[in-house]
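*Asks:* Can you read through this structure? Questions will come right after.
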Amino acid sequence: MSNVTNIGPRKAMTPGEREFLKKANRHLLDQKDGRIGAASFMDLVADWLGSKADLRFQAYAEAWITQGGAKSKIAETMLRELFGLDDNEPKPRKRA
């Protein structure tokens with residue numbers, strides 16, 4: 001009998017990604033309503049770290065934002081701007 005447990009993939013960030021996180025958080029905090037955007041940004045980071053998906057941070061972030069991970073319109077707008085996502089992209093339909 002073995003006590004070994006299978007864990008998800010280990011998350012690792014490149015030095016460039018770590019620098020992006022620092023600068024992006026500071027950028028959000030310097031904007032009007034920046035605390036809302038920064039809080040949502042930290043939710044995004046926490047969700048990525050807790051995810052078992054084997055995606056790089058950038059890919060996960062784009063999917064998270066596109067699928068409505070940001071809980072407020074202000075935060076979604078700020079994150080879309082931060083990640084360069086086009087506002088003209090089709091948004092997923094909300095469940096009835």
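The values are calculated or read from the model by the stated rules, or taken from the named source; none is laboratory data. Everything quoted here is computed from the prediction, not taken from an experiment. Here the Cβ positions follow ideal geometry from the backbone for every residue, glycine too, while neighbour counts run over all protein chains shown.
*Asks:* So for the range 69-91 (the condition being at pLDDT below 85 and either buried (at least 17 other Cβ atoms within 10 Å of the Cβ) or not charged (D, E, K, R) (or both)), does at least one residue qualify?
*Replies:* So in the range 69-91, the residues at pLDDT below 85 come out as 86-91.
With either buried (at least 17 other Cβ atoms within 10 Å of the Cβ) or not charged (D, E, K, R) (or both) added as a condition, the list becomes 88, 90.
Yes: the range 69-91 contains one or more residues that are at pLDDT below 85 and either buried (at least 17 other Cβ atoms within 10 Å of the Cβ) or not charged (D, E, K, R) (or both).
*Asks:* In addition: Hey, can you tell me all the residues within the range 9-42 that are over 14 Å from the mean Cα position of the chain (by Cα), among the aliphatic types (A, V, I, L, M) and more than 19 Å from Thr77 (Cβ to Cβ)?
*Replies:* Correct list: Ala12 only.
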